[in-house]
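Just so it is clear, none of the values below were taken in a lab; they were calculated from the coordinates. These numbers were taken from a predicted model, which means no experiment stands behind them. Neighbour counts run over all protein chains shown; Cβ positions are idealised from the backbone, glycine included.
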Number of protein chains: 6
Amino acid sequence: MYSVMVRDHVMIAHSLKGEVFGPAQRLHGATYVVDVEFKRSDLNADGIVVDIGRAAEVLRRVLTGLNYRNLDEIPAFAGRNTTTEYLARIVFDGLIVAMGRGDFGSEADAVERIRVTLHESHIASASFEGGVSGPE
Amino acid sequence: MYSVMVRDHVMIAHSLKGEVFGPAQRLHGATYVVDVEFKRSDLNADGIVVDIGRAAEVLRRVLTGLNYRNLDEIPAFAGRNTTTEYLARIVFDGLIVAMGRGDFGSEADAVERIRVTLHESHIASASFEGGVSGPE
Amino acid sequence: MYSVMVRDHVMIAHSLKGEVFGPAQRLHGATYVVDVEFKRSDLNADGIVVDIGRAAEVLRRVLTGLNYRNLDEIPAFAGRNTTTEYLARIVFDGLIVAMGRGDFGSEADAVERIRVTLHESHIASASFEGGVSGPE
Amino acid sequence: MYSVMVRDHVMIAHSLKGEVFGPAQRLHGATYVVDVEFKRSDLNADGIVVDIGRAAEVLRRVLTGLNYRNLDEIPAFAGRNTTTEYLARIVFDGLIVAMGRGDFGSEADAVERIRVTLHESHIASASFEGGVSGPE
Amino acid sequence: MYSVMVRDHVMIAHSLKGEVFGPAQRLHGATYVVDVEFKRSDLNADGIVVDIGRAAEVLRRVLTGLNYRNLDEIPAFAGRNTTTEYLARIVFDGLIVAMGRGDFGSEADAVERIRVTLHESHIASASFEGGVSGPE
Amino acid sequence: MYSVMVRDHVMIAHSLKGEVFGPAQRLHGATYVVDVEFKRSDLNADGIVVDIGRAAEVLRRVLTGLNYRNLDEIPAFAGRNTTTEYLARIVFDGLIVAMGRGDFGSEADAVERIRVTLHESHIASASFEGGVSGPE
């Protein structure tokens, strides 16, 4: 299996509901350094997994909906805890939609799996990995 | 698959038996930067894989049995080489025992797999990954 | 010159006032990975710059006043932009006060300079360095 | 599953053919920081996955064929784009050949999978992972 | 002293003349991860050292003259070894010119020193630091 | 000021005397990732601060005296605490002796200062920096 990884980041505010979160129940924030890994079994005719320039642009667009925002005020997240795990899934879902729209170009047709990792500090991160073509 | 990773470290002395280890047959030591990744298919009602605060505390407790010690003097390791690979397994086993005791809280019920990685320097590491519910 | 460095982190929400900040004028947040370096010309009788365990505890206490908070609501920051540069100074000032109170123990008497660096992402950081005994 | 990882690096020049590569169609170069992970189900009698000293030497030898070279002038790469993905595979293939020759020693008999990752910058990397005993 | 750091990277081909360079006398290449640190004694009215967005743009422009190029073919480098040390100075000089032109905006008036570091691998880097207002 | 940095590492066992060290009074160990930075005002005729290959070899030789050893048994350290700070100084002194012997080659004549940093974990390090030509 081949893979390509690109890195970007996003800076957000939010609060988390539930005693398990302790002081993180207060409004605070985070920098998430975001790694996205695209996986496929074979390379395309150019010898790549995906156009890495396009992949970086698509990731940037997906993150723009979150960047410099208070996630508590985004209607799509109402009633949900925007944990690092959950946000990894949100980024994954955004990439899948973009892939379905052809934003990654024709080279991306054969991508099989995507893994999204959000590093929230030097000692903690969360990730979501799934297949491109639907539930597994 | 979702995952959450926490990082800690431990500083130990030990020696390794066998020609393959060269100068590492002498009593020396290591800092292991320890990454533990917890994996499960779905998030719990709070939107998390595991209570990350509790996970960090449990990891700390598991590492306390090794920290600032000469592993050559620990009876449980008698007759064994405490290689980085083997210590990754020891930490894994300690986490499984803690999970069976409920130390991670009820949120941890659905954790399926754990991966433990010990970084021994900027150029070498070892890991063990296994299922929570037994041999695979 | 000898130095010792300890690392910790803090997660905050805030907004910045001024066109220069673009989208960072909105309420957002950051993880700051905080490095503090203590410098002195000679080691003490124990062979150290400062008790690193105490230094880590003092840093933790200084950061607690910021951690998991919306800095826009902290009276001490009213009318100020809590930029990364400015927060590096705030942490520095907190450490100087703690040092004056003797929180670092007697070993810390000879510390001459402190440098505080806040990493806000994998591509940006800010720092403040100053003398312990006053303006230079 | 156990694994051991070793890191090295290589510095090369090359150009890439195809509009998708934009300015990278010009002759340029890269430092690849190379991570190789060896995986097996059980440890050998010494308690290791593979002799890490030998593994580092073998990796060094495999990289020597690429190091400080213009890949455009290497006959084996004629008509191929030496993308990061492709080079990850080339390093993998070189390790498999070395393993078949017994270069890793008898301890390496049970290695099941190898993963090779090439980091081309602080924001991009590519990898290839495959089984040791042939196509999967 | 306050400072702000921004990071970017550049990928180049080149060769080095002189026996001291061994195999690096051949045409090869490098990724340089570039850190630029701006230093000044006091913050401006916005509470910053320099507009970090502008600083990143200026750095990007300075690096564009080098990126994806064979430095052996750039007339300005004729008869010079484009070592990591020398390139750190080239980037520094480019930033000084841009600062003289006002590219950093009025906020940058008080920057006193700039440090440029080029990381060429995980085990080697070089830097140049100098005053903004001329030879020291 | 120009500088060049090289990285290596060493793995040792030791114990520390004094209540301030808590559990580190027991025999334990550490991996020190060692960064050495050489500084000078101007580049030599080859365009370098120091022959980086030679510098890496000299550093390796200096570290060999410590590597895979129990520092408590080295006569030169009798009655001294081999703290990270102190070991940074020991490595510095070893480099100065090697420089006086000409081990760095003629290119090294103009090196003015050396900084040695030992990273003992992902959250702590210590360093010593001094002039090459004697006390400052």
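Listed values, structure above:
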{"item": "Shielding by other protein chains, D:10-17, mean Cβ within 10 Å", "result": "5"}
{"item": "Translational diffusion of chain B, µm² s⁻¹ [Kirkwood Rh, Cα pairs; Stokes-Einstein; 20 °C; 1.002 mPa s]", "result": "137"}
{"item": "Principal axis dimensions, largest first and in whole angstrom, of the stretch F:1-45 by Cα", "result": "51, 20, 9"}
{"item": "Test item: A:32-43 mean partner chain Cβ contacts at 10 Å", "result": "2"}
{"item": "Exceeding the 24 Å Cα-Cα cut-off - candidates D:17/E:17; C:17/E:39; D:17/D:39", "result": "D:17/E:17; D:17/D:39"}
{"item": "Label 7 Å beyond Cα on the Cβ vector: residue A:134 copy-to-copy distances, nm", "result": "3.4, 3.4, 7.3, 7.5, 8.1"}
{"item": "Where rotation carries B onto F, the chain B residue whose Cβ is nearest that axis, in whole Å", "result": "B:29, 1"}
{"item": "Calculated log₁₀ intensity ratio I(q)/I(0) where the Debye formula runs over C-alpha points of the stretch F:82-136, q = 0.15 Å⁻¹", "result": "-0.45"}
{"item": "Unit Cα scatterers, Debye sum, the protein assembly as shown: log10 I(q)/I(0) for q = 0.05, 0.08, 0.09 Å⁻¹", "result": "-0.25, -0.70, -0.93"}
{"item": "Extension gain from residue F:78 to residue F:45, taking 0.36 nm per residue of separation minus the Cα-Cα distance", "result": "7.5 nm"}
{"item": "Rounded Å value of the spacing that divides the Cα centres of the stretch A:1-36 and the stretch A:79-100", "result": "11"}
{"item": "Shielding score for F:63-70, defined as the mean number of other chain Cβ atoms within 10 Å", "result": "4"}
{"item": "Protection proxy ranking, peptides B:75-83, D:109-117, average beta carbon neighbours within 10 Å, highest first", "result": "D:109-117, B:75-83"}
{"item": "Virtual spin-label span in nm between residue D:106 and residue A:56, 7 Å along Cα→Cβ", "result": "5.0"}
{"item": "Within chain C: Cβ-based charge dipole about Cα centre, in debye rounded to nearest 20 (Lys, Arg +1; Asp, Glu -1)", "result": "380"}
